[in-house]
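> Please read through the structure below; I'll follow up with questions.
What follows is calculated from the coordinates using simple rules that are stated; it is not laboratory data. Predicted model only: the values in this text are computed from it and were never measured. A quick note on method: Cβ atoms are made from the backbone with ideal geometry, for glycine too, and the neighbour counts reach across all protein chains shown.
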Amino acid sequence: MPLFPTLLFTSVVKDEDLLKDVQKNIIKMTKDPDAGTRNGDLSWYSHHNMHQMDEFEDLYELILKEMVSIFHYYGVVCDSIYLTSMWANVGYRPEYTHQNHIHPNSLFSGVLHVNLPKDAAGTSFGDPRPAARMLEPNYKEMSSINAGVSMPPTQTGSLFIFPSYLPHAVHSSYKSYGKGNQRITVSFNAMMTGEITTQTAPLSLR
């Protein structure tokens, strides 16, 4: 009887034309100094407005459709569901990392692996229950019920959607991505409109 589970929704986008088109447009953005922030020869991050850009409309529609199904799965009562932000992350070298973090002021978040080089690290997830790690005994075998960190199998096209409170990260790898190859992901957040009247002060979200 699992109590208070944290669900990670996983799927694979198999539309290669869509993935290639998204990758092409992201690479184009990296050459525009006004489209994002470059971190030396290590990484590049776009602004968080990709969901408002025409060239990513097909991707936006795909992600929104997935988000709607997840809100419905949870039985969330709301007027509508929308993406608050969507942005690209490009890693140029295997030393590229992204420290453990969450996405505040959202209900659900996600990441699409647009291009994952053969030896690049996937996305890892950490136990969101701090009290569960107060004592760390030795285990005969690590599994999903006792591990504090999990890295699901990941490939190009892997789409992960999860509650925004779930810590996640990108770890460095130790083999070159290959000449001209980059680790490219698109991250996004979703929120709802409607009334929240549960227990504490009522909220009106528009």
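> Using +1 at the C-beta of Lys and Arg and -1 at the C-beta of Asp and Glu, which of TYR92, ASN146, LEU135 has the Cα lying farthest in the positive direction of the dipole of the range 42-162?
It is LEU135, whose Cα lies furthest towards the positive end.
> Quick one: which residues, 5+ away or cross-chain, put their amide H under 5 Å from the amide H of SER158? H built at 1.01 Å from N.
VAL13, HIS113
> Tell me, what ³J(HN,Hα) does each residue in the range 123-128 have, in order and in whole Hz, if you take phi through Karplus 6.51 cos²θ - 1.76 cosθ + 1.60 with θ = phi - 60° and put x for Gly and Pro?
So the Karplus estimates, Gly and Pro as x, are 9, 9, 10, x, 4, x Hz.
> List, in order, the whole-Hz ³J(HN,Hα) value for each residue of the range 189-206 obtained from phi through the Karplus relation with A = 6.51, B = -1.76, C = 1.60 and θ = phi - 60°; use x for Gly and Pro.
10, 10, 9, 10, 10, x, 10, 10, 10, 6, 6, 7, 4, x, 10, 10, 9, 10
> Tally Lys and Arg at +1 and Asp and Glu at -1 over the other residues with C-beta under 14 Å from the C-beta of ASN25: what net charge comes out? Kindly include the intermediate steps, with their values, before the conclusion.
Working: positive: LYS20, LYS24, LYS28, LYS31; negative: ASP17, ASP21, ASP32, ASP54, GLU55, GLU57, ASP58.
It works out to a net charge of -3.
> Quick one: what are the phi-derived ³J(HN,Hα) couplings along the range 169-186, Karplus 6.51/-1.76/1.60 with θ = phi - 60°, whole Hz, x for glycine and proline?
Residue by residue, the range 169-186 yields 7, 10, 9, 5, 10, 10, 10, 4, 5, x, 4, x, 9, 9, 8, 10, 10, 10 Hz.
> Another one. With +1 on each Lys and Arg Cβ and -1 on each Asp and Glu Cβ, and nothing else charged, work out how big the dipole of the range 57-206 is about its Cα centre, in Debye to the nearest 20.
It comes to approximately 480 debye.
> In addition: If the only charges are +1 at each Lys and Arg Cβ and -1 at each Asp and Glu Cβ, what is the size of the charge dipole of the range 36-93 around the Cα centre, to the nearest 20 debye? Intermediate values should be presented prior to the final figure.
Details: 3 positive and 8 negative charges, 68 e Å.
Charge dipole, the range 36-93, about its Cα centre: 320 debye, nearest 20.
> For ASP119, ASP79, which order do you get if you count the other beta carbons within 10 Å of each Cβ and list the fewest first? Display every interim value, and only then the final one.
Values: ASP119 14, ASP79 10.
In order of increasing Cβ crowding within 10 Å: ASP79, ASP119.
> Determine which aspartates and glutamates satisfy two conditions relative to LYS118: a Cα distance under 18 Å, and not lying fewer than 8 residues away in the same chain.
Within reach: GLU16, GLU95.
> How much mean residue ellipticity at 222 nm does the chain get from its helices, if each DSSP H run of length 4 or more adds -39500 (n - 2.57) and you divide by all residues, to the nearest 500 deg cm²/dmol? Intermediate results must be reported in sequence, preceding the final value.
Values: 2 runs with 33 residues, N = 206.
Rounded to the nearest 500, it is -5500 deg cm²/dmol.
> Enumerate the whole-percent occupancy of each 10 Å bin, from 0 to the last occupied one, for all C-alpha pair distances of the chain.
8, 32, 35, 19, 7, 0
> Now for a different question. Sequence-distant or interchain residues sharing an amide H contact under 5 Å with SER172, placed H: which?
Close amide H contacts, sequence-distant or interchain: none at all.
> Let me ask something else about it. Mind listing which trypsin sites (Lys or Arg not before Pro) in the range 1-101 are in a DSSP loop and have 15 or fewer other Cβ atoms within 10 Å? Numbers along the way, then the final one.
Numbers: sites: LYS14, LYS20, LYS24, LYS28, LYS31, ARG38, LYS65; in loops: LYS14, LYS31.
In loop regions of the range 1-101 (DSSP not H, G, I, E or B), the sparsely surrounded trypsin sites (Lys or Arg not before Pro) are LYS14, LYS31.
> Are there any chymotrypsin sites (Phe, Trp or Tyr not before Pro) in the range 57-150 that are in a DSSP loop and have at most 15 other Cβ atoms within 10 Å? List them by number.
Values: sites: TYR60, PHE71, TYR73, TYR74, TYR82, TRP87, TYR92, TYR96, PHE108, PHE125, TYR139; in loops: TYR92, TYR96, TYR139.
Passing sites in the range 57-150 are TYR139.
> Between the range 1-21 and the range 113-168, what is the C-alpha centre distance in whole Å?
The range 1-21 and the range 113-168 have Cα centres spaced 13 Å from each other.
> Counting other beta carbons within 10 Å of each Cβ, put HIS101, HIS47, HIS113 in order, fewest first. Provide the component values of the computation, followed by the final result.
Working: HIS101 10, HIS47 16, HIS113 22.
Ascending number of Cβ neighbours within 10 Å: HIS101, HIS47, HIS113.
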